[in-house]
1. To one decimal place, what Kirkwood hydrodynamic radius in Å is obtained for the chain from all pairs of distinct Cα atoms?
2. Tally up the carbon and sulfur contribution to the accessible surface of the stretch 1-79 as a whole percent, 1.4 Å probe, everything protein left in place.
3. Quickly work out the A160-to-R42 label distance, labels modelled 7 Å from Cα along the C-beta direction, and quote it in nm with one decimal.
4. Explain nothing, just the number: relative contact order of the chain, from Cα pairs under 8 Å at least 6 residues apart, as a whole percent.
5. May I ask for the net charge around D137, where only other residues with Cβ less than 15 Å from the Cβ of D137 are counted and Lys, Arg are +1 while Asp, Glu are -1?
6. Taking the Cα centroid of the stretch 140-166 and of the stretch 64-132, what is the distance between the two, rounded to the nearest whole Å?
7. Tell me the per residue accessible area of the chain using a 1.4 Å probe; a whole number in Å² is fine.
8. Helix-only mean residue ellipticity at 222 nm, the chain, DSSP H runs n ≥ 4 weighted -39,500 (n - 2.57), per residue, nearest 500. What is it?
Amino acid sequence: MGQPLVGIIMGSDSDWGTMRKCVDTLKSFGIPFEAHVMSAHRTPEQAARYASEAEGRGLRVLICAAGMAAHLAGVIAGHTILPVLGVPMKGGAMDGLDALLATVQMPGGIPVATLALGNAGATNAAVLAAQILALSDPTLRERLHAHKDAMARKVEEADARLQSEL
């Protein structure tokens, strides 16, 4: 697929079932990516090194998925100027609320664009990454327009089916 433009980082391999939605969406747009498992708590040096070196390796957007304490996106954002998109994972004692709050509550100057919990967040992280990359890629911008048009057509078709049953 070429030089990766998006880096996906999961705090645990248990996040893969959800983040597969992100990967599938990036693939559908033809966006090259890489994916890794690393932890803000268990491999902090590796996470910091990855974030620090990402820009120099040509990555343009980083997507971080983590649950529970969910410090991964904030740690990554603290070590890079690249846009960081956080996907809080469902699960744990609070079913993801703790991950959502930990991801969204960043100190001033260390932004993390936080998406929805779980599958919707994983998909939207990929779409948001595509939108960021499309600012300088007219071909990708056209793919995004086609994606929006296809979603609208599906809704219109669903409405037509409903109307025919009424």
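The values are calculated or read from the model by the stated rules, or taken from the named source; none is laboratory data. This one's a predicted model, so the numbers in the text were calculated from it and none came from an experiment. Note that each Cβ is placed from the backbone with ideal geometry, even for glycine, and that neighbours are counted across all protein chains shown. Protein only, heavy atoms only, side chains kept; ligands, DNA and RNA dropped before computing areas. Shrake-Rupley method; radii C 1.70, N 1.55, O 1.52, S 1.80 Å.
1. So the Kirkwood estimate lands at 16.4 Å.
2. Details: 1800 of 3530 Å².
Here it works out to 51 percent.
3. 5.0
4. Working: 291 pairs, mean separation 35.5, N = 166.
Reported relative contact order: 21 percent.
5. Working: positive: R60, R141, R143; negative: E142.
Within the 15 Å Cβ shell, the charges total +2.
6. 29
7. Working: 8750 Å² over 166 residues.
Normalised by residue count, the accessible surface of the chain is 53 Å².
8. Numbers: 6 runs with 84 residues, N = 166.
Helices in the chain give a 222 nm mean residue ellipticity of -16500 deg cm²/dmol.
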